[in-house]
Amino acid sequence: MASYEELANSVIRGNAPKVIELTKSLVESGCDPLEIINQGLIGGMNVVGARFKVGEMFVPEVLMAARAMSSGVEIVKPLIAEGDMPSAGKVVLGTVKGDLHDIGKNLVAMMLESAGFEVLNLGVDISPEKFAEAVKEHQPDVVAMSALLTTTMLAMKDTIDVLAEEGLRDKVKVIVGGAPISEEFAQEIGADGYAPDAASATELCKNLIGQAS
Amino acid sequence: MSHSITELIKYMDRAKTGKRVTLKEWDYEILPKTLKEIAKKYGLEKTCDPKNPVNTDLELADQFFKAGVEAALRLGLYNDDTETIITVTEEELMSSVEAAPAELPIGKGREQVVIKARKPSDGVPPIYGGPLSIQMNEEYYIPLIETTLKSRLVDVHEGPSLDTVYGSPLLANTPYETAAGFYEARLRKEAQFRAGRQGMGNMLISSSSTEYGNLAAFSLFEQPQIALVLIPSALKTNYCSLHKCIQTLALGGYIESGSPNMMGGYTAGPECSAIASIADDLLQFSIHQAHMSGAPVYDLRYSGNCGRHALWSQTVSTQAVARNTHLIMLKTINQVAGPCTEMFYQESIVGFVANSASGLSYTIGPRSAGGKYKNHLTPLEIWFTSAVFKGAAGLSLEKANEIAKELIPKYEHLHANPPIGRSLPELHDIKTMKPIEEHYNLYMKMREEAKALGIPMPADGVLC
């Protein structure tokens, strides 16, 4: 019989066919689908996240691992009642108005999804009003904003202001990141947190959601 | 034919007919897989030696060059706006590289300098442009630049950048950017006049990254000046960049274009990032009709390149292009520590020596405090980095590697949480621009340390 460790290792290697084979084997052996996800699939991705953070793995390998994990989740998902599907939380994510850069934002999306978050990636050049609409519609735990330019980072404060005007600010945590952003800037504009990199963004979301609950 | 709008339009036309792929396909599939295949084909996998952060194996650099040429031909540049790939033929790539200038004179009269292509361990000092586009209060712009330009260690004027125009926030893709182009150009002229540097060359424009600011600023200077065409990310272009290229060619300026290759991102590890950097350098001369390229390698973990892996990747890719072409390259050296910290000076010695010895023609700097903190930029860091860059001309790669091995262990543990130092008004009297004693003493001490490491340090002409 396949083991959770083998499954996690296949996720780490990004070997999707093997992940499918092992996941099916574990399901057929009667293993708990939630355990397959938590111990095998997400367990593997947690290792990937840690290795990415210290520079032992790079984006292409993380991507392959994330895809391998997803192929396993697709097999197990129908066996779990909708409400029981593990979710670390919901995050609305976007690059702010006027800014078309997306490498950092997409990395954050990928790392969050891999860590079990539900991610709504709004894309680039997202106006404060669009962020507010997304918050109303999807009721996320966290709004994550990215900016690469000093001329666009100011839109982060505008977004926070619009969330406040719409009465939404107290309902979500707001985090910011991007090359010109610092912890001090995050505090200055009234964000709840700042993440210097994609792996830290995942930890930050976990911490903020943990505090809120 | 080089530097022609008709050639540029030929490549723009190709964006309309090129292979259509989504951004995700390009970033997640095509780019990383192609680079990986090429690295394997040329036997370059796991060639990065972090124990020797400056590459000294020039045959390896040549092998990287071959891989970079193949990457340029197989990949081309992805146009974000059309979601298509602009490819070039081997003949187009090679003829544009052949036709590229090996020397670019910039500035007028006694302010003229010539930016020249260099080889590894070249005895000709490279050219330094400064300061980098770090955010600065409007009221500090002229005092900072007037003082900075009093030193002839700064050959070309680039930054800093403003985040307000006449007190109003400078917002992207709005008329504020056009206003910033005119405004910054006027501030530049005033500061250069006060420093006695009228006629010096400029890189335009720091406060606006779009075509709006570029056009505004170019209209106020006698040409040629250099346009900074920063493409969205590795091996990409977009209409904003192409707008700037057309404006610059039509107005008689020089195009510098390229983008950082983010090691740890889509271009993966140090080897694949070096291949991408070489391809990025080469493609600028055809698709963007560039006069010089700018494709540094940054480590995604700390957004700098004075650590082992990024330094190795940047030195091997610079050596590859320098040895096999006569292209003029500009690459930035990114510190993460801030003004008046020992770490800043140590990172600077490592980065500027390694790049100067590897054959870099030109740089703009410094990126003190990672460029994240407003007003964290003073003349002393600018002069120091230029002195190291120029002083390292003629040093061997082995010597550069020795220096890197000695200094990197002193700061690499701080990459994730570097000291940000202090701001201009904390370190200088803004009225007289005199540095506080601690700042002056550290500068002089670190100049002596650089000399003790074997780097001849040219005088700044102001404090020493």
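The values are calculated or read from the model by the stated rules, or taken from the named source; none is laboratory data. Predicted, not measured: the structure shown is a model, and the values here were computed from it. A quick note on method: Cβ atoms are made from the backbone with ideal geometry, for glycine too, and the neighbour counts reach across all protein chains shown.
Table for the structure above
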{"read-out": "The stretch A:119-136, residues that are modelled with pLDDT under 95 and charged (D, E, K, R)", "value": "A:ASP125"}
{"read-out": "Close pairs from the stretch B:163-175: first within 8 Å of chain A (Cβ to nearest Cβ), partner among the acidic types (Asp, Glu) and assigned to a loop (DSSP other than H, G, I, E, B), Cβ under 7 Å, at least 6 apart", "value": "B:PRO169/B:ASP163; B:LEU170/B:ASP163; B:ALA172/A:ASP99"}
{"read-out": "Residue among B:LYS405, B:LYS445, B:LYS374 that is under 22 Å from B:GLN319 (Cβ atoms) and basic (Lys, Arg)", "value": "B:LYS405"}
{"read-out": "Subset of the stretch A:7-22 that is buried (at least 18 other Cβ atoms within 10 Å of the Cβ) and under 14 Å from A:GLY43 (Cα atoms) - its residue that is modelled with the lowest pLDDT", "value": "A:GLY14"}
{"read-out": "Checklist (1) among the charged types (D, E, K, R); (2) facing another protein chain (nearest Cβ under 10 Å); (3) under 15 Å from the mean Cα position of the chain (by Cα) applied to B:ARG301, failing item", "value": "(3)"}
{"read-out": "Candidate set: the stretch A:93-125, residues that are among the aliphatic types (A, V, I, L, M) and in a strand (DSSP E or B); chosen: the one surrounded by the most Cβ atoms within 10 Å (Cβ to Cβ)", "value": "A:VAL96"}
{"read-out": "Of the criteria (1) touching a helix residue (DSSP H, G or I) at 6+ places or on another chain (Cβ under 7 Å); (2) away from chain A (no Cβ under 14 Å), which one B:PRO32 fails", "value": "(2)"}
{"read-out": "Helices (runs of 4 or more DSSP H) within the stretch B:133-241 that include 1 or more residues crowded, with 20+ Cβ neighbours inside 10 Å and at pLDDT below 95", "value": "B:175-194, B:211-218"}
{"read-out": "Out of A:SER25, A:SER70, sole residue that is modelled with pLDDT of 85 or more, under 16 Å from the mean Cα position of the chain (by Cα), part of a helix (DSSP H, G or I) and more than 26 Å from B:GLY307 (Cα to Cα)", "value": "A:SER70"}
{"read-out": "Members of the stretch B:357-410 that are buried (at least 24 other Cβ atoms within 10 Å of the Cβ), within 14 Å of another protein chain (Cβ to nearest Cβ) and either in a helix (DSSP H, G or I) or on the phi > 0 side of the Ramachandran plot (or both)", "value": "B:SER368, B:ALA369, B:GLY371"}
{"read-out": "When residues of the stretch B:411-421 are limited to those that are touching a residue at least 12 places away in the same chain (Cβ under 8 Å) and within 14 Å of chain A (Cβ to nearest Cβ), the one surrounded by the fewest Cβ atoms within 10 Å (Cβ to Cβ)", "value": "B:ALA416"}
{"read-out": "Residues of the stretch B:224-272 classified as more than 10 Å from chain A (Cβ to nearest Cβ) and among the small types (Gly, Ala, Ser), total", "value": "8"}
{"read-out": "Residues located in the stretch B:3-41, provided they are in contact (Cβ under 8 Å) with a residue 24 or more places away in the chain and of a type in the set (A, V, I, L, M, F, W, C)", "value": "B:ILE5, B:LEU8, B:MET12, B:ALA15, B:VAL21, B:LEU23, B:TRP26, B:ILE30, B:LEU31, B:LEU35, B:ILE38, B:ALA39"}
{"read-out": "Of all residues in the stretch A:42-63 being facing another protein chain (nearest Cβ under 10 Å) and touching a residue at least 60 places away in the same chain (Cβ under 8 Å), the one that is farthest from B:GLY269 (Cα to Cα)", "value": "A:LYS53"}
{"read-out": "Filter pass, A:LYS90 being within 9 Å of chain B (Cβ to nearest Cβ) and either surrounded by fewer than 21 Cβ atoms within 10 Å (Cβ to Cβ) or modelled with pLDDT under 85 (or both)", "value": "no"}
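Yes/no matrix, rows are residues, columns are (1) in contact with a helix residue (DSSP H, G or I) (Cβ under 7 Å, 6 or more places away or on another chain); (2) free of Cβ contacts under 8 Å to residues at least 40 places away in the same chain; (3) of a type in the set (S, T, N, Q):
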| position | (1), (2), (3) |
| --- | --- |
| B:MET94 | no, yes, no |
| B:VAL97 | yes, no, no |
| B:ILE106 | no, no, no |
| B:SER121 | yes, no, yes |
| B:TYR128 | yes, no, no |
| B:LEU132 | yes, no, no |
| B:TYR140 | yes, no, no |
